[in-house]
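Undergrad: Okay, handing you the structure first.
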Amino acid sequence: MNCTEFLRQFREALDGKVSEHIIQDNVNYYSSYIKGQIGNGKSESEVLSTLGDPRLLAKTIEESNKFAGESRTQQSQAFNYRTNSSQTGRNYTREDESIKGKQIKLPGWLIAGIVLAVLVFVMIVAFRVFVFFMPLIAAAMVVGFVYKVVRDWMSG
């Protein structure tokens, strides 16, 4: 499938289910998105496979239109927001915060910091447990040493 075929199927799937304004907004958006990604060095087939089935995208827009109760512009923005955030990993802006149902994508440095903090916490807890049981461990080692010495002395 090429870009023209993708956009044709997308438009056909939306035709009669949402207003022409919403169809045109989304067709324009995906057309410019595909061209932009190709301009960034991705192949057309790679971009289209990332977007998935045009009929599924159209169904999402149709469902959003039924339940959102927003103006036509807001419906288009909400769909574009969800598509961008889930498929392209774009960064969020203040405009995005006003859209319901948003997903949060944490930056890599924050995830690494959280993982590091958890590891440090686990190490501290393990060390404290070890320190707590150290007298018992030391006593067991002393008893074992004394037992070995006595056994060697008795047998020797």
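Undergrad: Could you please give the count of residues in region 32-67 that are on the phi > 0 side of the Ramachandran plot and part of a helix (DSSP H, G or I)?
TA: The qualifying residues number 0.
Undergrad: Would a scan of region 2-9 turn up a residue that is loosely packed, with under 12 Cβ neighbours inside 10 Å and not in a helix (DSSP H, G or I)?
TA: Within region 2-9, one or more residues are loosely packed, with under 12 Cβ neighbours inside 10 Å and not in a helix (DSSP H, G or I).
Undergrad: Restricting attention to region 68-87, does a residue exist that is in a helix (DSSP H, G or I), exposed (fewer than 10 other Cβ atoms within 10 Å of the Cβ) and at pLDDT below 90?
TA: no
Undergrad: Can I ask one more? Open to solvent by 80 Å² or more (accessible area, probe 1.4 Å), in a helix (DSSP H, G or I) and modelled with pLDDT of 85 or more: is that true of Leu119 in this structure?
TA: The answer is yes for Leu119.
Undergrad: Criterion first (of a type outside the set (Ser, Thr, Tyr), under 17 Å from Arg8 (Cβ atoms) and modelled with pLDDT of 90 or more) does Asn28 satisfy it?
TA: yes
The values are calculated or read from the model by the stated rules, or taken from the named source; none is laboratory data. Just so it is clear, the structure is predicted and the values come from calculations on it, not from any experiment. Cβ coordinates were reconstructed from backbone atoms using ideal geometry, including for glycine residues, and neighbour counts include every protein chain displayed. Each accessible area value is taken on the protein alone, full model and side chains, heavy atoms only, with ligands, DNA and RNA left out. Shrake-Rupley method; radii C 1.70, N 1.55, O 1.52, S 1.80 Å.
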